[in-house]
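Participant: Supplied in structure tokens, the structure appears directly below.
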Amino acid sequence: MSRSAHPAGPRHADVLPEGHYSAPPTDLNALDPKVWARTVERRADGVLTVGGVGVDRLADTHGTPAYILDESDFRARCRAWRQAFGDDADVFYAGKAFLSRAVVRWLREEGLNLDVCSGGELATALAAGMPASAIAFHGNNKSAAEIRRAVEAGVGRIVVDSYEEIDRVAAAARELGVRQPVLVRVTVGVEAHTHEFIATAHEDQKFGLALAGGTALEGIRRVLAAEDGLELLGVHSHIGSQIFDLAGFEVSARRVVQLMGTVRDEFGVTLPEIDLGGGLGIAYTAGDDPLEPADIAKTLRDIVERECAAAGLAVPRLSVEPGRAIIGPSAFTLYEVGTVKPLEGLRTYVSVDGGMSDNIRTALYDAEYSVALVSRTSQALPMLVRVVGKHCESGDIVVRDAYLPADLAPGDLIAVAATGAYCRSMASNYNHVLRPPVVAVTEGEDRVIVRRETEEDLLRLDVG
Ligand code: LLP
């Protein structure tokens, strides 16, 4: 499998990158713009700055570990997606990648919609003033209370995922005297990896209604039959995550459009919307080559237009749901080195003050990351390191294989790039380690948007 492939999600756990490390980079002090947020650079004294603020000041003010979020990078990516898709399409940022009230406000200011997948994400979105009409609510087992809250709030779309849920949403809508707009989530039998997609092999999973066997068509029939409570807007498909190749989207779009054709033929209904989900990949290492939003938009549009022409359908409104591709590259995690332990003939273990509680992706998916010494530059030779955390297990690995300067010492600051997506949002309190803050930086200002957890926070939940 390609070196740029990053298995994402437990379903991919059998597909791991081979040969974990390559040759050392020629310049250990260089910061590859592919993996670092856009305003990241080195000051004359070698200290990394982001948004014009040095990591020395960030560490002094906020402590380590900390997630440092480049606000202008995030906003630029929002704008790039928005502009690429234009006014006749919608971009829903997938809040599961990372969600906070500040992020919701930025999204709104940049004209994006929001995909949420739990009552907690919905509450955060509403608390930050995201209009309910701009929210899509996902999930394969939304509770009755979550459904009621969403319908009551007036969310723009509920993406229904099962026959039971069709009944539950219809019941809630009838009770509240409204007609709830819905999309039907369809499992098209495509699972996309980086340079491959495996047709039909992955219908064996929990999401959506399968195209195979007419399950999805039956779901659509049920939604249409509940027209007093439900308004069917269209069909939704999400094929995977960290995808670098649009071939899987091509297959899924074709199958979804064919289904829309069948819906027209069988029920006389033309569906106005198609949502192709998220999943576009980012660069975690120099070997990754992500697609640009403009190219993604053009390809997806072309696919949908071509398939609609073939099926004799009017082109529906397109929506997409990028999460990682927007927030992933915008943040890095800043750590302080605690111990440096050379293992003769193997590698050097560098322990930092966080670990699998702030980044579970390496342990869970064998994800790869780029790391750099950021409190100074160094002319020392490269040494092969494994960056590990402070947790009580040997799988507590942040960066499995990397090169750092051989003079690395306790007290140095190092940063792991592209940790904006699925790191804070999947963080835990394992070993009662406190979850780090998220610090937003822009134009010389740094501001905590999610504060560091405290021991009082832990004890407040523990009611004795
Ligand atoms: N839409 C739906 C329906 C999804 O399920 C997801 C992600 C997205 C959009 C956004 O996908 P993105 O553009 O961020 O790839 N925890 C894993 C990723 C799980 C993705 C789950 N669904 C990881 O850390 O790689």
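Just so you know, all these numbers are worked out from the coordinates, no wet-lab data involved. Note that the structure is predicted; figures quoted are calculated from it, not measured. Here the Cβ positions follow ideal geometry from the backbone for every residue, glycine too, while neighbour counts run over all protein chains shown.
Participant: Placing +1 on the Cβ of each Lys and Arg and -1 on the Cβ of each Asp and Glu in the chain, which of Leu232, Gln205, Ile220 has its Cα farthest towards the positive end of the resulting dipole?
Facilitator: Among Leu232, Gln205, Ile220, the one farthest towards the positive end of the dipole of the chain is Leu232.
Participant: Helix 71-85 sits at what angle to the longest principal axis of the chain, using alpha carbons and giving 0 to 90 degrees rounded to 10?
Facilitator: 30
Participant: When DSSP assigns beta bridges and you keep just the ones with both residues in the chain, what percent turn out antiparallel, to the nearest 5?
Facilitator: 50
Participant: Okay, moving on. Given Cα pairs under 8 Å that are at least 6 residues apart, what percent is the relative contact order of the chain? Don't jump to the answer; show the numbers that get you there.
Facilitator: Values: 1066 pairs, mean separation 97.5, N = 464.
Once normalised by length, the contact order is 21 percent.
Participant: Determine the gain in length on full extension of the stretch Thr26-Gln205; use 0.36 nm per residue of separation and subtract their C-alpha separation, reporting nm with one decimal.
Facilitator: 60.1 nm
Participant: Choose one of Ile166, His138, Ala283: the residue whose Cα lies farthest towards the positive end of the charge dipole of the range 137-290 (beta-carbon charges +1 Lys, Arg; -1 Asp, Glu; about the Cα centre).
Facilitator: Ile166
Participant: Further question on the same structure: How big is the charge dipole of the range 48-93 about its Cα centre, in debye rounded to the nearest 20, if each Lys and Arg gets +1 on its Cβ and each Asp and Glu gets -1 on its Cβ?
Facilitator: Around 60 debye, computed over the range 48-93.
Participant: Let me ask something else about it. Could you work out the helix-only [θ] at 222 nm for the chain, with each DSSP H run of four or more residues adding -39,500 (n - 2.57) and the total divided by the number of residues, to the nearest 500 deg cm²/dmol?
Facilitator: Working: 12 runs with 132 residues, N = 464.
About -8500 deg cm²/dmol.
Participant: Any idea how far the Cα center of the range 44-83 sits from the one of the range 388-442, in Å?
Facilitator: The distance from the Cα centre of the range 44-83 to that of the range 388-442 comes to 16 Å.
Participant: I'd like to know how the range 22-141 sits against the 2.2 N^0.38 Å rule of thumb: what's its Cα Rg over that expected value?
Facilitator: So the Cα radius of gyration is 1.30 times the expected 2.2 N^0.38 Å.
Participant: Given Cβ point charges of +1 (Lys, Arg) and -1 (Asp, Glu) and nothing else, what value in debye, to the nearest 20, does the dipole of the range 138-322 about its Cα centre take?
Facilitator: Dipole of the range 138-322, to the nearest 20 debye: 520 debye.
Participant: Sticking with this structure for a sec: Could you check the simple spin-label distance between Arg221 and Gln83, using points 7 Å along Cα→Cβ, in nm with one decimal?
Facilitator: Placing both labels 7 Å beyond Cα along the Cβ direction yields 4.8 nm.
Participant: OK, next. Hey, with R₀ at 35 Å, roughly what FRET efficiency would Val463 and Asp228 work out to, going by the Cβ-Cβ distance, to 0.05?
Facilitator: Efficiency, rounded to the nearest 0.05: 0.20.
Participant: Please state the relative contact order of the range 382-464 as a whole percent: Cα pairs under 8 Å, 6+ residues apart?
Facilitator: The normalised contact order for the range 382-464 reaches 18 percent.
Participant: Write down Rg/Rh for the chain, rounded to two decimals, with Rg from the C-alpha atoms and Rh from the Kirkwood relation over Cα pairs.
Facilitator: Expressed as Rg/Rh, it is 0.99.
Participant: Under 20 Å from a point 7 Å along the Cα-to-Cβ line of Glu393: which residues of the range 419-434 have their amide N that close?
Facilitator: So the set is 422-434.
Participant: Just for the range 138-322, what percent of DSSP beta bridges are antiparallel, to the closest 5?
Facilitator: Within the range 138-322, antiparallel bridges account for around 15 percent of the total.
Participant: At a Förster distance of 56 Å, what's the computed FRET efficiency of Arg174 paired with Val47, Cβ-Cβ distance as r, to 0.05?
Facilitator: Numbers: r = 61 Å, r/R0 = 1.08.
It comes to 0.40.
Participant: Distance check, please: which entries in Lys34/Lys142; Lys142/Lys298; Lys96/Lys341; Lys96/Lys390; Lys34/Lys206; Lys34/Lys298 exceed 32 angstrom between their Cα atoms?
Facilitator: With Cα atoms farther than 32 Å apart: Lys34/Lys142; Lys142/Lys298; Lys96/Lys341; Lys34/Lys206.
Participant: Let me know the Kirkwood hydrodynamic radius for the range 360-421, please, with Cα pairs as the basis and the value in Å to one decimal.
Facilitator: 12.5
Participant: Then there is this: Against the longest principal axis of the chain, how steep is helix 215-225, in degrees 0 to 90 to the nearest 10, with axes from Cα atoms?
Facilitator: Result, in degrees: 60.
Participant: What does the charge dipole of the chain about its Cα centre add up to, to the nearest 20 debye, if the Cβ of each Lys and Arg holds +1 and the Cβ of each Asp and Glu holds -1?
Facilitator: Magnitude of the dipole: close to 460 debye.
Participant: If contacts are Cα pairs under 8 angstrom and at least 6 residues apart, what is the relative contact order of the range 138-322 in percent?
Facilitator: Contact order relative to length: 19 percent.
Participant: Continuing with the same structure: When the chain is fully extended, how far beyond the present Cα-Cα distance does Met426 get from Leu343, taking 0.36 nm per residue of separation?
Facilitator: Roughly 26.8 nm would be gained on extension.
Participant: Ok, one more. Would you be so kind as to identify which of Tyr349, Ala102, Cys78 lies farthest towards the positive end of the dipole of the chain, taking Lys and Arg as +1 and Asp and Glu as -1 on Cβ and the Cα centre as origin?
Facilitator: Ala102
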